[in-house]
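To keep things clear, I will list the structure first and then write my remarks on it.
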Amino acid sequence: MSVPSNPRGTQDILPEEWPYWTHVIREAEEVARLFGYERIETPTIADTELFLRTNDEGTDVLKEMYTFQDRGGDSLTLRPEGTAPVVRAYLQHGMSRRPQPVKLFYVEHMFRYERPQAGRFREHHQFGCEALGVEDAYLDVEMIALLRTLYERLGLGDLRLQINSIGDRNCRPAYLDGLRAYLSERREALAPVDQERLARNPLRVLDTKEERSLPIVADAPSILDFLCEDCRVHFERLRHGLDVLGIPYTINPTLVRGLDYYTRTVFEFYEEEHGAQLAVNGGGRYDALAEQLGGPPTPGIGFGLGIERVILLLKERDIGPPVCPGPRVSLVHVGQGTEDIAIRQAGRLRAAGIDAVMTFGDRSLRAQMRAANAAGSAYAVIIGPDEAANGTVTIRSLRDGSQETVPESLLVEAVSGPPRL
RNA sequence: GUGACCGUAGCUCAAUAGGCAGAGCUCUGGAUUGUGGCUCCAGUGGUUGUGGGUUCGAGCCCCAUCGGUCACCCCA
């Protein structure tokens, strides 16, 4: 015997979880709009080509994608990240003719085929922002300020920010050459894992956790020493803007991004305890992405924030979301024909904007009262033979136990306003 | 893809040395036939993840498989 279960790495978000979700999403949306961002949603599926174009072949990103052929033979992929689809939409809909920058936010599902782990799922949810069409470093500053505002609102104001610049196509190649040369010379001293990384993606070696590699990485050439004039100035302005706002940060020259299209600014907010292991969001500038997609040069910057991770932190810190009260009124009914009255009165209450539920099935008054209490209702409205005969209802406060019998016509008024305590 | 640990009721967990699968919570019903919470009583609920093997006998030992958790790889 086995009932069906959800696929590995996915999750059901049950009713009791939703207060967290609505809280986080609502705050995110509110803050985004506060900063002038508008909502966009792209399809959950996209042409596989979209993600192939934005990444070097052989990247692990590709082999972690959920890719399939539809019946027409097209190769589609479940959206693994939010940025490329948004940039695609920007290009496709000619948004370069809108006032720049175009500032967009999304709340979307992301998919990646990997082994589930703490705060990592095959299907997860991201809140993300993308700002396109402007190269100004103050756009970067503003985006980081947006995140700070959001975290403060959520009670996560102590999250730490780290920033870096990874240069652009002018200066990064030289740095990569230098780094590769430096690491190759010391290859034997690196941990085995990092020797592999050196071959695959030298930047990743900088992220190492291996004791053996740490001293080597510590003395490795820093990207910041290789930045071209434009990138250097951009980074200076970013830092200056953050200072102006009093936003604390640390510069981490080893901070990189997994995707190939990032340039210049990269940043992460993370929690001290979990360390960079569990970044709550990652973001960066991607001034070359639009061109990689075949569009005109279009600068852009964005971030993706893991909603599951935010909720994880809220729970760890016992930060409860606002409680969601039960239906204000529960209608209970005993006797022939009383359920007709109950369902009609429920309709009247709802029409007046009062959330009301009735009980179902032939249950004892006791059982129905229990249900009303369990539902968290402020009032139980009792409709029995006496009430039915007299055209009245009995309203019992489940807060203080007081009750009164009133004409049906006074029901809505009686349960309106703050519940008596 | 690699490794470690773990799978007993819807949930949290028991089950002495291999010897009849249990408790609490939840849920349902009831405690003089119309009144919730607190209390009390009762009931529903399991092929011990699944499939093999060892044994007179397996929740317990062995193998496989699936799933969960964590770490690695990678990280959007």
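Filtering A:Pro101, A:Pro116 for residues that are over 18 Å from the mean Cα position of the chain (by Cα) and either modelled with pLDDT of 95 or more or more than 22 Å from A:Thr263 (Cα to Cα) (or both) leaves a single hit, A:Pro101.
In summary, strands (runs of 3 or more DSSP E) completely within region A:315-421 and bearing 1 or more residues that are more than 10 Å from RNA strand B (Cβ to nearest atom) occur at A:329-333, A:356-358, A:403-407.
Look at region A:168-180: where a residue is among the hydroxyl-bearing types (Ser, Thr, Tyr) and a partner is open to solvent by 50 Å² or more (accessible area, probe 1.4 Å), sitting 6+ places away or on another chain with Cβ atoms under 8 Å, you get A:Tyr175/A:Phe226.
The condition of being within 16 Å of RNA strand B (Cβ to nearest atom) and at positive phi holds for only one of A:Arg212, A:Arg264, A:Arg200, A:Arg257, that being A:Arg264. Screening A:Asp243 on (1) in the same structural domain as A:Gly119 (by TED's automatic domain parsing); (2) crowded, with 17+ Cβ neighbours inside 10 Å; (3) free of Cβ contacts under 8 Å to residues at least 60 places away in the same chain shows it passes everything except condition (2). When restricted to residues that are assigned to a loop (DSSP other than H, G, I, E, B), touching a residue at least 24 places away in the same chain (Cβ under 8 Å) and more than 16 Å from RNA strand B (Cβ to nearest atom), region A:99-135 contains 5. Among the residues of region A:383-421, just one is open to solvent by 20 Å² or more (accessible area, probe 1.4 Å), of a type in the set (Val, Ile, Thr) and in contact with a Lys or Arg (Cβ under 9 Å, 6 or more places away or on another chain), namely A:Val412.
For region A:69-92, the count of residues that are surrounded by 12 or more Cβ atoms within 10 Å (Cβ to Cβ), in a loop (DSSP other than H, G, I, E, B), of a type in the set (Gly, Ala, Ser) and in contact with a Phe, Trp or Tyr (Cβ under 7 Å, 6 or more places away or on another chain) is nonzero.
Kindly indicate whether A:Glu291 is of a type outside the set (Ser, Thr, Tyr), in the same structural domain as A:Leu52 (by TED's automatic domain parsing), over 19 Å from the mean Cα position of the chain (by Cα) and under 26 Å from A:Asp219 (Cα atoms). So A:Glu291 fails the test. Tell me, yes or no, whether region A:350-365 has at least one residue that is under 18 Å from A:Pro418 (Cα atoms), assigned by TED's automatic domain parsing to the domain that holds A:Leu411, open to solvent by 20 Å² or more (accessible area, probe 1.4 Å) and of a type in the set (D, E, K, R). Yes, there is a match, as at least one residue in region A:350-365 is under 18 Å from A:Pro418 (Cα atoms), assigned by TED's automatic domain parsing to the domain that holds A:Leu411, open to solvent by 20 Å² or more (accessible area, probe 1.4 Å) and of a type in the set (D, E, K, R).
The values are calculated or read from the model by the stated rules, or taken from the named source; none is laboratory data. Everything numeric here is computed off the predicted structure, so don't read it as measured data. Quick reminder, even Gly has a Cβ in these numbers, built from the backbone with ideal geometry, and neighbours come from all protein chains shown. Note: areas computed on protein heavy atoms with side chains; ligands, DNA, RNA excluded. Shrake-Rupley method; radii C 1.70, N 1.55, O 1.52, S 1.80 Å.
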